[in-house]
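Student: Handing you a structure now.
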Amino acid sequence: MKFIKYLLTGVLLACSNQLLAAWTLDNTASQLNFLSVKKSQIVESHRFKNLSGFIDAQGNSSVSIDLASVETNIPIRNERMQQYLFETSKFQTAVVSLKLPDGLLASLQTGTLKTLELDAKLDLHGQQQTIKTQVSVVKTQGKQLFVTSLQPVLINAADYSLIEGINKLQELAGLPSITYVVPVTFNLTFNAE
């Protein structure tokens with residue numbers, strides 16, 4: 001009888017720990033991409049190579065973006081973005097933080113896709129703004145959580161004091177224009193701890 005009691009207690013503890021598990025972002029399986037448009041019609045895709053983040057047991061989530069890890073596939077452009085746009089000597093990271101709905105992680109069924117519209121706070125270049133994002137969330141049997149943007153998040157450079165940096169990039173590259181609104185997409189993988 002005592003054995004069954006201990007067994008049931010152990011199972012309940014294991015289940016409750018699973019429901020309250022924290023999740024850690026897997027950088028190697030995650031992507032954050034953004035597009036730039038120059039000369040009014042030339043679209044180029046870029047990404048950040050280094051991301052880190054977590055979702056805690058209460059649904060608080062934070063993703064840090066290493067701005068020096070910007071990858072445009074042109075080394076001099078990477079350097080110019082670091083120096084003149086993101087000013088990585090002063091602002092090394094951008095941080096996105098949000099709170100998932102209460103009980104979401106505990107109630108999310110394995111293999112079921114959940115669509116959410118969330119308000120997130122983006123801290124970029126010394127400025128903080130609230131952004132709306134639509135995401136899909138899927139939990140796998142292998143203890144992974146996939147969070148994917150359903151629509152691009154439009155980031156306006158003016159909201160983050162980035163206009164001067166874009167104008168400098170335009171001047172250095174001898175371009176007639178670079179757009180000030182940038183679409184951002186992401187595909188994030190979190191592993192259960």
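The values are calculated or read from the model by the stated rules, or taken from the named source; none is laboratory data. Small disclaimer: the values here were computed from a predicted structure and weren't measured. We work out accessible area using only protein heavy atoms, side chains counted, and drop any ligands, DNA or RNA first. Shrake-Rupley method; radii C 1.70, N 1.55, O 1.52, S 1.80 Å.
Student: Solvent-accessible area per residue for the chain at a 1.4 Å probe radius, Å²?
Tutor: For the chain, the per-residue accessible area is 58 Å².
Student: Within region 36-133, what is the number of lysine pairs with alpha carbons under 19 Å apart, leaving out pairs fewer than eight places apart on the same chain?
Tutor: 5
Student: While we're on this one: Over its Cα atoms, what ratio of radius of gyration to 2.2 N^0.38 Å does the chain give?
Tutor: Computed over Cα atoms of the chain, the ratio equals 1.24.
Student: Give the relative contact order (percent, whole number) for the chain; include only Cα pairs under 8 Å separated by 6+ residues.
Tutor: Rounded, it is 25 percent for the chain.
Student: I need the shape label for region 61-127. Rule: rounded when a/c is under 1.5, else prolate if a/b > b/c, else oblate, with a, b, c from the alpha carbon gyration tensor.
Tutor: Taking the square roots of the gyration eigenvalues as a ≥ b ≥ c, region 61-127 is prolate.
Student: Which translational diffusion coefficient, to the nearest whole µm²/s, is obtained for region 109-186 from the Stokes-Einstein equation, given a Kirkwood hydrodynamic radius over C-alpha pairs, 37 °C and 0.692 mPa s?
Tutor: 222 µm²/s
Student: Now a separate question. Does anyone have the angle between helix 163-173 and the longest principal axis of the chain? Alpha-carbon axes, 0 to 90°, nearest 10?
Tutor: 60 degrees
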